[in-house]
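All remarks here apply to the structure that follows.
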Amino acid sequence: MSTVNDCLFCKIATGVIPADIIVENDHALAFRDIDPKAPTHVLVIPRSHFADVDELTERDPDLAGKLLALASEVAKLEALGTGYRIVTNIGEDAGQSVAHVHFHVLGGRSLTWPPG
Ligand code: 5GP
Ligand code: ZN
């Protein structure tokens with residue numbers, strides 16, 4: 001596993017910073033967002049550091065698939081059967097604020113489209 005010292009999500013992945021983890025495995029974990037934007041707002045991250053989806057899919061596309069599978073598992077665990085959204089922000093214009101790739105799993109209410 002490759003981590004980056006000053007990365008917030010690497011610190012959550014290694015347990016240095018606590019988080020409300022709902023499911024985890026050898027390569028990924030899912031934990032509740034500290035500032036939820038919906039009744040269910042969970043972040044799915046790899047244990048290894050990748051800046052964003054572009055870097056992840058270039059370096060480890062199989063892991064990208066595993067992260068999406070974990071996001072689906074989160075939706076089942078959180079009983080989001082009536083619908084939910086998986087979002088990943090890439091770069092400044094999308095508002096990415098943590099440079100460790102993560103998928104937001106949002107649900108538990110009706111979600112508007114298009115996003116802002
Ligand atoms: P982004 O803006 O990069 O797409 O998403 C980063 C997310 O990380 C935000 O939704 C933000 O609320 C969440 N976040 C930031 N710091 C922490 C933290 O220390 N713990 C948890 N659980 N979530 C965090
Ligand atoms: Zn990291």
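The values are calculated or read from the model by the stated rules, or taken from the named source; none is laboratory data. The model shown is predicted, which means the values in this text are computed figures rather than measured ones. A quick note on method: Cβ atoms are made from the backbone with ideal geometry, for glycine too, and the neighbour counts reach across all protein chains shown. Remember, those area values only see protein heavy atoms, side chains included, never the ligands or the DNA or RNA. Shrake-Rupley method; radii C 1.70, N 1.55, O 1.52, S 1.80 Å.
Structural remarks
- ³J(HN,Hα) computed for each position of the stretch 101-116 - Karplus, 6.51 cos²θ - 1.76 cosθ + 1.60, integer Hz, glycine/proline x: 3, 8, 10, 7, 10, 10, x, x, 8, 6, 9, 7, 9, x, x, x
- Residues in the stretch 4-107 average 53 Å² of solvent-accessible surface per residue, probe 1.4 Å, ligands and nucleic acids excluded.
- Spatial separation of Cα centroids for the stretch 27-41 and the stretch 45-116, in angstrom: 10
- Efficiency of FRET from Cβ geometry, L111 and H27, R₀ 25 Å, rounded to 0.05: 0.35
- Rounded, prolate or oblate (a/c below 1.5 giving rounded, otherwise prolate when a/b exceeds b/c) for the stretch 27-104 by Cα gyration tensor: oblate
- Carbon/sulfur fraction of accessible area - the chain, other protein chains in place, 1.4 Å, %: 52
- Net lengthening on full extension, D35/D62 (0.36 nm per residue, minus Cα-Cα): 6.8 nm
- Net lengthening on full extension, T3/A99 (0.36 nm per residue, minus Cα-Cα): 33.4 nm
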